[in-house]
Amino acid sequence: MLTSICGINWGDEGKGRMVDLLSRDYDIVCRYQGGNNAGHTVINDKGKFILNLLPSGILREDVVCVMGPGMVIDLKHLCGEIQKLRSAGIKISPENLKISDKAIITMPYNVLQDIMEEDRLAKATGKPYGSTRRGIAPVYADKYLKKAFRMGELLNLDLLYKRLPDIVDWKNMTIKAYGFTPISVEDMKAYFEEYGAILKDYIIDVGMYLNKANAEGKKIMFEAQLGALRDIDYGIVPYTSSSSTIAAYAPIGAGVPNLKLDKSIGIMKAYSSCVGAGPFTCEYFGEKADKLRELGGEYGAATGRPRRVGPFDAVASRYGIMCQGADEIALTKLDVLDSYEEIEICTHYELDGKIIDHFPFTDVLDLCKPVFEKVKGWNCDISHCRKAEDLPKEALDYIRLLEKLCGCKIKYVSVGAERDACIVMD
Ligand code: GDP
Ligand code: MG
């Protein structure tokens, strides 16, 4: 049984929270793309955790976590994250964490490149990409240039060191062009040695491991970072991440390109949020935005940046559901709308005086205006509800309306950040 958990929107839909809950029925949870630009907040009986690189299944003792070849891994950050979780009492060992030998290593110079380019863009154009400045775009670029290092190379440092001096020379050409201090081979060796020594026992061929587990009937979940609209091909380029955030990529990025997904669960937020720059048609401004941001606690888990917010966007969500091939939806953060007497929904976009219902090309998005409709709110606390029957009629109507607008079954509704604050719909 292979299931993907992916974001329908711009990210931060609550994927980590849903993986933490739904992984109770799974043996293995794999992250298959992205790096430590992810920020998945999980709250359960063990405490509150913000996961950047580790799969959200790591908080369950009987779940094995896998970091797939599609990921980019900052060695120092991963060691720090493991350490932090250990000090909170979470057990992490090569028994329950397997790292792909084919996953890419994010280098300190990739982080530097990210910062240099964001600062250059800000100065030159006033429009940086809004990157998390954690080196993700540069390291994926190096991957496709075939100049990146892979986790498996940490097991053979002598071979890696043959390649290293030329890569350092080549990277310094870029760093000098930005007017920054060149990096040294020694510093890079120190990075590989310090963190390689800690991580080497975790590095395996995860494809072999997952194929064997699948053949034995184990249940495998794939956890995405970010959402459909941040996908490198299908998202709002260039305001996207640099990896494939969609479900179809999950088996490839996890190390099992030969396996097919049985189910795609899309995580969709009851309203919209978007961190960083780029077109965000349904965006609220001023007081309306401040109110929703405060109610939803919309500040980036990885960066602390205030997130842009707006009402539920049916146009973007329909597109996200298509990209993810979602079979069912988990609707999150419905409780955030508790205090509204009326709730707005962006049902369509207006383009050149015409109403459109498809999600257009990125440049065209800038010309689109949102068309809002209002529905009656429930205006009461639903955070204690655990069954569909507990929900007020207006909340049920809202769920049914979103289902109708999106053409996809809403199977789960979450009404709080804690693990059990979730309703399974009939
Ligand atoms: P992810 O990146 O998709 O895993 O999502 P984030 O963790 O970045 O953002 C989701 C935020 O909403 C986190 O702070 C969660 O603790 C919180 N959250 C998740 N589900 C709910 C919910 O149903 N209600 C409320 N009020 N908060 C939620
Ligand atoms: Mg997040």
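Criterion applied to Ala224, Ala215 was being surrounded by fewer than 19 Cβ atoms within 10 Å (Cβ to Cβ) and at pLDDT 95 or above, and the one residue passing it is Ala215.
What are the residues in region 11-30 that are near ligand 1 (Cβ under 10 Å from one of its atoms) and of a type outside the set (Val, Ile, Thr), if any? Hits for region 11-30 are Gly11, Asp12, Glu13, Gly14, Lys15, Gly16, Arg17, Met18, Asp20, Leu21.
Taking region 358-417 as the range and being touching a Phe, Trp or Tyr at 6+ places or on another chain (Cβ under 7 Å), under 28 Å from Tyr239 (Cβ atoms) and not in a loop (DSSP other than H, G, I, E, B) as the test, the residues that pass are Lys369, Pro370, Val371, Leu402. The single condition among (1) more than 15 Å from Ala330 (Cβ to Cβ); (2) hydrophobic (A, V, I, L, M, F, W, C); (3) more than 7 Å from ligand 1 (Cβ to nearest atom); (4) within 9 Å of the chain's Cα centre (by Cα) that Ala38 does not satisfy is (3).
Here Gly300, Gly325, Gly353, Gly320 are screened, and the one residue that is within 16 Å of ligand 2 (Cβ to nearest atom) and surrounded by fewer than 20 Cβ atoms within 10 Å (Cβ to Cβ) is Gly300. Taking the criterion of being in a helix (DSSP H, G or I) and surrounded by fewer than 17 Cβ atoms within 10 Å (Cβ to Cβ), the residues of region 146-162 that qualify are Leu155, Leu157, Asp158, Leu159, Tyr161, Lys162. Contact annotation: residue pairs with Cβ atoms under 6 Å, 6 or more positions apart or on different chains, pairing a residue in region 16-34 that is over 13 Å from Leu53 (Cβ atoms) and among the charged types (D, E, K, R) with a partner that is in a helix (DSSP H, G or I) and within 14 Å of ligand 2 (Cβ to nearest atom), are Asp20/Ser56. Once region 303-317 is narrowed to residues that are within 13 Å of ligand 1 (Cβ to nearest atom) and in contact (Cβ under 8 Å) with a residue 40 or more places away in the chain, the residue that is surrounded by the fewest Cβ atoms within 10 Å (Cβ to Cβ) is Thr303.
Check region 275-286 and report whether any residue there is surrounded by fewer than 17 Cβ atoms within 10 Å (Cβ to Cβ), polar (S, T, N, Q) and either assigned to a loop (DSSP other than H, G, I, E, B) or modelled with pLDDT of 95 or more (or both). No, region 275-286 contains no residue that is surrounded by fewer than 17 Cβ atoms within 10 Å (Cβ to Cβ), polar (S, T, N, Q) and either assigned to a loop (DSSP other than H, G, I, E, B) or modelled with pLDDT of 95 or more (or both).
For region 315-345, a residue qualifies if it is among the β-branched types (Val, Ile, Thr) and either farther than 19 Å from Tyr398 by Cα or part of a strand (DSSP E or B) (or both), and the qualifying residues are Ile329, Thr332, Ile343, Ile345.
Taking (1) surrounded by fewer than 16 Cβ atoms within 10 Å (Cβ to Cβ); (2) closer than 30 Å to Asp62 by Cα in turn, Pro165 satisfies each apart from (2). Once region 35-56 is narrowed to residues that are small (Gly, Ala, Ser) and within 16 Å of ligand 2 (Cβ to nearest atom), the residue that is nearest to Ile99 (Cα to Cα) is Gly35.
Count of region 346-380 residues, restricted to those that are basic (Lys, Arg) and farther than 25 Å from Asp397 by Cα, is 2. Taken together, the residues in region 48-76 that are touching a Leu at 6+ places or on another chain (Cβ under 9 Å), within 14 Å of ligand 1 (Cβ to nearest atom) and over 28 Å from Tyr129 (Cα atoms) amount to 2.
For region 276-302, the set of residues classified as aliphatic (A, V, I, L, M) and more than 16 Å from ligand 1 (Cβ to nearest atom) consists of Ala277, Ala289, listed by residue number. Under the condition of being outside any strand (DSSP E or B) and either at pLDDT below 95 or under 22 Å from Leu337 (Cα atoms) (or both), the residues counted in region 251-274 number 2.
The values are calculated or read from the model by the stated rules, or taken from the named source; none is laboratory data. Remember, it's a predicted structure, so these values are computed and weren't measured experimentally. Positions of Cβ are backbone-derived with ideal geometry, glycine not excepted, and every protein chain shown enters the neighbour counts.
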